[in-house]
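As structure tokens, the structure follows; a few thoughts come after it.
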Amino acid sequence: MNDVIDLWPEFTPETVRSPKTILKEQADLLSHKTNNILKGEIGFVSAYDETTVGFSITSPYLNNYKYQLFYIKYNPAILYPVVIDGNTLCEDETSFKENIKKILSDPQTIKIINSLYSQSLEETENV
């Protein structure tokens, strides 16, 4: 019987949070913050060396109206860098989270949330 030779270096695998996981957490938080009047949703497609994840705000009370707030692209084999909306490059998790926070905190985002939330509440009163 042949002896197996281990050619691997000594290493300990590390856990890295994927951009998709970070966005899923934020989607769940939006749902929680609005008492499920609005829902944060992510949708993704992976092909070869590229994963695309879209982040949307959905209103179940407005016929499941969906507003895509932004999308990201990254290579699933290395996770970072991530490109947001085709033009913002995030080299690491810290930069990615900072840029997502800017988008989520942007006055236009809050305006969209308030508009969809208000219209959704009106619809719940009519149910």
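The values are calculated or read from the model by the stated rules, or taken from the named source; none is laboratory data. The model shown is predicted, which means the values in this text are computed figures rather than measured ones. When the accessible area is computed, the model is the full protein with side chains, heavy atoms only, and any ligands, DNA or RNA have been set aside. Shrake-Rupley method; radii C 1.70, N 1.55, O 1.52, S 1.80 Å.
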With only helices counted (DSSP H, runs n ≥ 4, each -39500 (n - 2.57)), the per-residue ellipticity at 222 nm for the chain, to the nearest 500, works out to -12000 deg cm²/dmol
Expressed per residue, the solvent accessible area of the chain in Å² (1.4 Å probe) is about 70 Å²
So, relative contact order of the chain in percent, Cα under 8 Å, 6 or more apart, is 18 percent
With all protein chains in place and a 1.4 Å probe, E93 shows an accessible area in Å² (nearest 10) of 50 Å²
Probe 1.4 Å, all chains present, heavy atoms only: S120 accessible area in Å², nearest 10, is 0 Å²
Of every hundred units of 1.4 Å-probe accessible area on the chain, the number belonging to carbon and sulfur atoms, as a percent, is 51 percent
The chain -> Rg/Rh from Cα coords, Kirkwood Rh, value 1.16
Diffusion coefficient in µm²/s returned for the range 32-72 by Stokes-Einstein, Kirkwood Rh over C-alpha pairs, 4 °C and 1.567 mPa s, is 116 µm²/s
Sorted by accessible surface (1.4 Å probe, heavy atoms of the protein chains only), largest first, L79, L38 come out as L79, L38
Once the in-chain neighbours fewer than 8 apart are removed, the lysines whose Cα is under 16 Å from K111 read K33, K39, K66, K101, K102
